[in-house]
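Colleague: Here you go, one structure.
The values are calculated or read from the model by the stated rules, or taken from the named source; none is laboratory data. Model, not experiment: these values are computed from the prediction. Reconstructed Cβ throughout: ideal geometry from the backbone, glycine too, with neighbour counts over all protein chains shown.
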Amino acid sequence: MELRRTITAGAIAVSALTVGVGAPAAAEQQDAGTLRVTVSHSAKQAGTSAVAAPNANATCTINRITVNRYSECEWITIHVDVVKIVRGGPVLEGTADFDVKHQMTLKAKSINWSEKFSISKAKTTRAGKGLHVNIAASSKSGTKAKVHFDQGRTLDSKSSGSVDYTTSPITKKKINAKAKTTYTYTFTKAGYSPGTVSYDSAVYRCDNYYGTSGCAIPDSPTGVSLINQPIIADGIRGLRLRGGHYGDPYGGRPLHWMINDKQKNKNRAAVCPKNPPTDMKRVGRTSCDEYPFASTYEGGTHLPAKERTITWVRKAENDSQGGTITTWRRAYHVMDHDPFFVIV
C-alpha cells in the first residue's frame, strides 16, 4: 500500500510515506485489495493585536491558528479518501471530512498547562463510514504532552479530548528553547491499511528568567505602557508625529527585545551624548532616554535617524521607566527577539 498525505499550510511541507501492504507483491499485481488513504488538512496562522487582552482566550476561525500571548485556537479540517488500487489505478471507495478545534491556554506562573480539543462528526460517503482514529501529541524542550482521548473510536459521532503538558523544573535565569506540539492522527478501518497525518500547534516557550516559571507564545506581540513617564511618552509621540512609527501599535512595526548587555551599552553610547545640553541641565533633565530602547534589536543606530529619537529627562523618570519595563517583561515573559509595541 502507498500512503500519501497532502498538507496545504504555510510552514508545513508536503510529504509522502510508503508502507507495506498485507497482501504479497504478486497479489498486488493481480489487483488484490491494495488500498491507499489520502489525508489532508489546511491551517493558516494569523497574529492578533498587540493590545488584545492577554488573559482572554484567542478567538477561533476555521482553518486558522489564532493566538494571543497566552492562548491559541487552532481550527482545522481533515479530509480522508479511502482508495483501492485496481489494475494499477486508484478507485475512490469513500470519503470522510471533519473538523478539529484545539483550545490551548498557557500560564504566566506555571510551566504545566492543558488543552482541550473537539472533533466534529464526520461527513462520510460510502466506505468513509466506520473509520477509526487514534491521536498522539508530542513536544520538546523539556515539555511532555499526554493525550486523553477514547482511542480507536469512530468518526461517526462527535468526540472530544484533552492534552496535559508538564515541563521539567527550570532553574532561575534560564529560558527554554521554543517548542510546539505535533499532533499525529492514525486512521484505521478493517480491510484497509492505516493512514496518518501530522500538524503543529503555535510555537510556545517556557522560562524562569525572573524567578517565576511560566510559558507564553513568543511570536504574539504584547505592549508596554509608558503613560506614567510623561516626558518620555511625549518624546515618543513627537517622533511618531514626524513619521517614526517603530513600536507604534497603530500601524507601526513592532520592536524586538534584546538580551545582550554589551550590545545594549553600544546602542546607548551610539545615540546618547555624554553630557546634556545646557538648557536641559539647567532644569534637571540630565538623563538621556533613547528610543527605540537600547535593549532592542532596533536600538542605537540600527534604524535611520528619522526613525529614532532621544529625550532628556530627570533620572527619576528614567529609573521609573526601567521599573515599568521590568514589571512588564516579568508579567508577559518577554525574552530575546520577542516582538512588542510601546503605548504612549
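Colleague: Within region 307-343, track down each residue that is β-branched (Val, Ile, Thr), touching a strand residue (DSSP E or B) at 6+ places or on another chain (Cβ under 8 Å) and within 30 Å of Pro277 (Cα to Cα).
Modeller: Within region 307-343, Thr309, Ile310, Thr311, Val313, Thr324, Ile325, Val342, Ile343 qualify.
Colleague: Filter region 163-176 down to residues that are exposed (fewer than 13 other Cβ atoms within 10 Å of the Cβ) and hydroxyl-bearing (Ser, Thr, Tyr) and give me whichever is nearest to Thr188 (Cα to Cα). Steps first, answer last, please.
Modeller: Taking region 163-176 and keeping what is exposed (fewer than 13 other Cβ atoms within 10 Å of the Cβ), we get 168-169, 171-173.
Keeping just the survivors that are hydroxyl-bearing (Ser, Thr, Tyr) gives 168, 171.
Values: Ser168: 34, Thr171: 43 Å.
Among them, the one singled out is Ser168.
Colleague: Also, I was wondering about something else. Within region 79-104, count every residue that is in contact with an Asp or Glu (Cβ under 6 Å, 6 or more places away or on another chain), buried (at least 20 other Cβ atoms within 10 Å of the Cβ) and within 30 Å of Lys146 (Cβ to Cβ).
Modeller: Looking only at that region, the number is 2.
Colleague: For region 139-153, enumerate the residues that are assigned to a strand (DSSP E or B) and either crowded, with 16+ Cβ neighbours inside 10 Å or touching a Gly at 6+ places or on another chain (Cβ under 8 Å) (or both). Step through it out loud before you land on a result.
Modeller: Of the residues in region 139-153, the ones assigned to a strand (DSSP E or B) are 143-148.
Those that are assigned to a strand (DSSP E or B) and either crowded, with 16+ Cβ neighbours inside 10 Å or touching a Gly at 6+ places or on another chain (Cβ under 8 Å) (or both): Thr143, Ala145, Val147, His148.
Colleague: Of everything in region 249-298, what is within 20 Å of Val334 (Cβ to Cβ) and in contact with a helix residue (DSSP H, G or I) (Cβ under 6 Å, 6 or more places away or on another chain)? Give them in sequence order.
Modeller: Asp289, Glu290, Tyr291, Ala294, Ser295
Colleague: In region 281-308, what count of residues is obtained for those that are β-branched (Val, Ile, Thr), touching a residue at least 24 places away in the same chain (Cβ under 8 Å) and in a loop (DSSP other than H, G, I, E, B)?
Modeller: Going through region 281-308 one residue at a time, the tally reaches 2.
Colleague: Still on this structure: State which residue is surrounded by the most Cβ atoms within 10 Å (Cβ to Cβ) when the search covers only region 264-308 and only residues that are under 20 Å from Gly243 (Cβ atoms) and β-branched (Val, Ile, Thr).
Modeller: Among residues in region 264-308 that are under 20 Å from Gly243 (Cβ atoms) and β-branched (Val, Ile, Thr), the one surrounded by the most Cβ atoms within 10 Å (Cβ to Cβ) is Thr296.
Colleague: Restricting the search to region 105-133, which residues are charged (D, E, K, R), crowded, with 16+ Cβ neighbours inside 10 Å and closer than 30 Å to Tyr332 by Cα?
Modeller: Lys107, Glu115, listed by residue number.
Colleague: Next question, about the same structure. Can you pull out every residue in region 85-130 that is hydrophobic (A, V, I, L, M, F, W, C) and part of a strand (DSSP E or B)?
Modeller: Ile85, Val86, Val91, Leu92, Ala96, Phe98, Val100, Met104, Trp113, Phe117, Ile119
Colleague: Quick one: Thr212 ticks every box in (1) in contact with a helix residue (DSSP H, G or I) (Cβ under 8 Å, 6 or more places away or on another chain); (2) assigned by TED's automatic domain parsing to the domain that holds Arg329; (3) not aromatic (Phe, Trp, Tyr) bar one, so which box is it?
Modeller: Result: Thr212 passes all but (2).
Colleague: I'd like the full set of residues that are closer than 24 Å to Val82 by Cα and of a type in the set (Val, Ile, Thr), limited to region 146-181.
Modeller: Of everything in region 146-181, just one residue is closer than 24 Å to Val82 by Cα and of a type in the set (Val, Ile, Thr), namely Thr154.
Colleague: Hey, among Ala108, Ala137, which residue is without any contact (Cβ under 8 Å) to a residue 60 or more places away in the chain and either under 27 Å from the mean Cα position of the chain (by Cα) or not assigned by TED's automatic domain parsing to the domain that holds Ala202 (or both)?
Modeller: Ala137
Colleague: Sticking with this structure for a sec: Look at region 195-208 and say how many of its residues are over 18 Å from Val163 (Cβ atoms) and within 20 Å of the chain's Cα centre (by Cα).
Modeller: The number of residues fulfilling the criteria is 2.
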